[in-house]
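Student: Structure below; questions to follow.
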Amino acid sequence: GVTVTVENGVTLTIGDGDSFREQAGNLHVANGGKVQLTTGELIVNNFTLDAQLGINTNNASTSANSGQVLHENQLKVNGDAYFQLALDPSGRNTYGWYDFTVPFDVDVIGGISIAEDPSAVMKFNVNYAVMDYTEAKRAVKGKDWNKFQGTMKPGKVYTIALDDDYDWNTVVFKKKASAALTGDRTLVTEYSGLGAETKDNGWNGFGNGTLHHTELNVDGETQIIQVYDHANRCYQPREAKDFTIVVGMTFFTQLTQEETVELVAAEGNTKFLAPSREGRNVDNFRLSLTADGNTYASDYLWVSADEEATGDYIIGRDVLKMGTMNESNVARIWSVRNGMNLCSNNLTLTDNNAICDLKLYAPKAMTYSLAIEKAPEDANLYLTYNGNVIWDLTASPYSLDLTKGTTEGYGLQLEVINAPQITTGVDEIDGEKEGNRKVLIGNDIYIITKEGAIFNATGKKVK
C-alpha cells in the first residue's frame, strides 16, 4: 500500500514466486534506476517511469537517461501507468520542438499533464502542440511533420512544443485505459518510394517504446542514426551499434523496404552483417570534430571508398546530413557531393585514390581537433586544403583554427595502401631522423613526419 521508488544507480531484483498482495503498492522507477524481474508476476497499483532527453555528453546531468524495467511482461499494473519525460537538460523548456516517443498508448488530448503543476489545465494547441512524422511526406515534400491529434503509439516519433512563457519542463503521459504496458520491439519500416530521388526515400523515424534501454539491430552495413539535440539545435549522428537508446528517445535513419528493424536490450550483443560486394571495398573511416578543451566530439563524419561507386546516392553507404548547419550551437562537419550535404560519403575509388570536399561550421571562432576514431587497415586518409595535401590524419589529429561561420576549402584524400608505395628508413628531414616515411600520393612524392606533418620531395613543408 506504499510507494517504492527505485533511485538512480539502484537495481531492485524481484522474483522467486508470484505476488498475491490484496493491496498492491505503487512503483516509481527514477532516472538511472532499474527493476529486474526474474520469475513470477509482480502486481503493482500505479506505475511511473522517469526519463529525460539530453545531449549525450560526458556530463551525466545533461545526458539522456531513463529508468528501466527488465522482463516488463511480468509486470502487471492494476491502476494507472505514467511516463514522466523531462524535456530540457537546463530544467526548463525553451522555444522549439522536442522529439520523443511513448512506451504505451497515450491520448494526445487529455492524456498529457505537467509535473511542475499537476493542477494546471493543459489546453491542446494553446499550451502545447504535438506533431507526428511521415516518411511519405518527407519523400515528396521534404517536410516531415504533421499536426497530430488522436492516440500516440509507442515506437513512433512525435515532437512536442510547450508554451515557453511557463516554467514547465517535465511532461507526464498517462497510459490509455486497457492499452498494453509497453510497445513492440519490432519496428515497421516505411519505404513509400514516392521521392523522385533515392536520397529522399526511406527516411524512417523510430523511438524506444519499451520500458528499458535498447540498441538498434539492423541487418546490413554500419547503420548511422541521427538524434535530434534540441539544446544544440542540431541532429547528432551516431553509429547505431555504439549507441544506447533510452526509453522515450527517438532517432532517424534511412532504410530500404527490404531491411528489418528491431530493438534489443542494451545488455545484449547487436550484430551487424556487412553485405558482400564485388571489386575493392574500403571500410568506413570515422572522423570526429572536437572543440579545444572538450572531451566529447561535437560532430562526426564517415568516409569510405568503393571501385563500384558511381557517384549516385546509395542508401546504406551514403547518408544525408539532417538539419540546418548554420543554426547549430555546436560545430558541424560534412562532406559535399553533387550539391548534397552528407554525414557519410562513399567515394569513387580510382587508381587506389578517392577525394571529397569538406565544409565546416563553427558557432564561434576557436580551435578544433579533427581526428580519426576508426579506420580500416588498408587505407590512409589525408587532409587537403585547396586541393593540396597538408596533413596525414592517419598519423595524428589536425588542429583547425576556425572562424565563426562556414569554412570551405578543406577536403579529404583517401588512399589504399600498397606496399610498393611506402619507403621506410628516410634518413633525415629538417633534423628529424626517426618516424618519417616517404609516400606516393597520387603522382606526387611526400615525406610525412610521425606527427602527420607533410613535406614535399624537396623538404618544403606543405601548407
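The values are calculated or read from the model by the stated rules, or taken from the named source; none is laboratory data. No experiment lies behind these values; they were computed from the predicted model shown. Glycine also receives a Cβ, built like all others from the backbone with ideal geometry; neighbour counts cover every protein chain displayed. Areas reflect the complete protein model, heavy atoms only, side chains present, ligands, DNA and RNA absent. Shrake-Rupley method; radii C 1.70, N 1.55, O 1.52, S 1.80 Å.
Student: Between residue 258 and residue 336, what FRET efficiency comes out of the Förster formula 1/(1 + (r/R0)^6) with R0 = 41 Å and r the beta carbon distance, rounded to 0.05?
Tutor: Numbers: r = 29 Å, r/R0 = 0.71.
Step by step, r from the Cβ atoms, then E = 0.90.
Student: So what J values fall out for region 363-380 if you push phi through Karplus, 6.51 cos²θ - 1.76 cosθ + 1.60 with θ = phi - 60°, rounded to Hz, Gly and Pro as x?
Tutor: For region 363-380, the Karplus-derived couplings read x, 8, 5, 5, 9, 10, 10, 9, 9, 8, 9, 8, 8, x, 7, 10, 8, 10 Hz, x marking Gly and Pro.
Student: Also, quick follow-up: So, in nm, how far is label residue 116 from label residue 76 when the simple model puts each one 7 Å beyond its Cα toward the Cβ?
Tutor: Simple spin-label model gives 4.0 nm for this pair.
Student: Pick out, in residue order, every one of the chymotrypsin sites (Phe, Trp or Tyr not before Pro) in region 185-224 that is DSSP loop and has at most 16 other C-beta atoms within 10 Å; say none if there are none.
Tutor: Taking region 185-224 and a limit of 16 other Cβ atoms within 10 Å, no loop chymotrypsin sites (Phe, Trp or Tyr not before Pro) are found.
Student: I would also like to ask the following. So what's the convex hull volume per residue for the Cα atoms of region 1-159, in Å³?
Tutor: Cα-based convex hull of region 1-159, divided per residue, equals 146 Å³.
Student: Quick one: Debye curve from the C-alpha atoms of region 76-195, no solvent, what's log10 I(q)/I(0) at q = 0.11, 0.13, 0.20 Å⁻¹?
Tutor: The calculated log intensity ratios at q = 0.11, 0.13, 0.20 Å⁻¹ are -0.40, -0.56, -1.16.
Student: R0 = 51 Å: FRET efficiency of residue 266 with residue 403, Cβ-based, nearest 0.05?
Tutor: So the FRET efficiency works out to roughly 0.80.
Student: GluC sites (Glu not before Pro), restricted to region 178-247: which are DSSP loop and have at most 16 other Cβ atoms within 10 Å?
Tutor: 197
Student: If you keep only loop residues by DSSP, which chymotrypsin sites (Phe, Trp or Tyr not before Pro) in region 67-96 have at most 12 other Cβ atoms within 10 Å of their Cβ?
Tutor: 95
Student: For region 311-384, report the % of Cα-Cα distances exceeding 17 Å.
Tutor: Percent of Cα pairs beyond 17 Å in region 311-384: 53.
Student: Also: Past the 17 angstrom mark, what percentage of all C-alpha to C-alpha distances in region 346-402 do you count?
Tutor: Roughly 46 percent, once rounded to a whole number.
Student: A further question follows. What are the equivalent ellipsoid semi-axes of region 168-208, built from the alpha-carbon gyration tensor (square roots of five times its eigenvalues), in whole angstrom, biggest first?
Tutor: Over the Cα atoms of region 168-208, the semi-axes work out to 32, 16, 9 Å.
Student: Moving to a separate point now. If you build the convex hull over the alpha carbons only and average its shadow over all orientations, what do you get for region 299-427? Give it in nm² to one decimal.
Tutor: If you wrap the Cα atoms of region 299-427 in a convex hull and average its projections, you get 9.0 nm².
Student: While we're on this one: Would you mind checking which residues have amide H under 5 Å from residue 41's amide H? H placed 1.01 Å from N; only 5 or more apart, or other chain.
Tutor: 18, 19
Student: Using only helices, what value at 222 nm comes out for the chain when you add -39,500 (n - 2.57) per DSSP H run of length 4 or more and divide by the total residues, to the nearest 500 deg cm²/dmol?
Tutor: -500 deg cm²/dmol
Student: Pop the C-beta distance of residue 329 and residue 141 into the FRET formula with R0 = 30 Å and round what comes out to the nearest 0.05.
Tutor: With R0 = 30 Å, the Cβ-Cβ based efficiency is 0.65.
Student: Measuring from the lowest to the highest alpha carbon on each principal axis, how far does region 42-134 reach, largest first, in angstroms?
Tutor: Cα extents, longest axis first: 41, 37, 32 Å.
Student: Using θ = phi - 60° and the Karplus form 6.51 cos²θ - 1.76 cosθ + 1.60, what ³J(HN,Hα) does each residue of region 189-206 get, whole Hz, x for Gly and Pro?
Tutor: 7, 10, 8, 7, x, 7, x, 5, 10, 4, 4, 9, 9, x, 7, 9, x, 10
Student: Structure shown: which of 123/199; 137/374; 34/241; 241/321; 123/143; 147/175 lie over 29 Å apart, alpha-carbon to alpha-carbon?
Tutor: Going by Cα-Cα distance, 123/199; 137/374 fall outside the 29 Å limit.
Student: So what J values fall out for region 129-136 if you push phi through Karplus, 6.51 cos²θ - 1.76 cosθ + 1.60 with θ = phi - 60°, rounded to Hz, Gly and Pro as x?
Tutor: 9, 10, 10, 10, 10, 10, 4, 5
Student: Carbon and sulfur atoms: what percent of the 1.4 Å accessible area of the chain do they account for?
Tutor: Carbon and sulfur atoms account for 45 percent of the accessible area of the chain.
Student: Place a point 7 Å from Cα of residue 92 in the direction of its Cβ. Which residues in region 221-260 have their backbone N less than 18 Å from it?
Tutor: 231-232
Student: Here is a further query. Relative to the present Cα-Cα distance, how much length would full extension add between residue 46 and residue 179 at 0.36 nm per residue of separation?
Tutor: 46.4 nm
Student: Same structure again: To the nearest 20 debye, what is the magnitude of the charge dipole of the chain about its Cα centre, counting +1 on the Cβ of each Lys and Arg and -1 on the Cβ of each Asp and Glu?
Tutor: Numbers: 39 positive and 61 negative charges, 151 e Å.
The dipole magnitude comes to about 720 debye.
Student: Report the net charge of residues surrounding residue 313, where surrounding means a beta-carbon distance below 11 angstrom and charges are Lys +1, Arg +1, Asp -1, Glu -1.
Tutor: Net local charge, residue 313 excluded: -1.
Student: Pull up all non-local amide H partners of residue 26: gap of 5 or more, or a different chain, and H-to-H distance under 5 Å with H placed in the peptide plane.
Tutor: Long-range HN contacts for residue 26: 2, 3, 4, 45, 46.
Student: Based on DSSP, what percent of beta bridges with both residues in the chain are antiparallel, to the nearest 5?
Tutor: Expressed as a percentage, antiparallel bridges in the chain total about 75.
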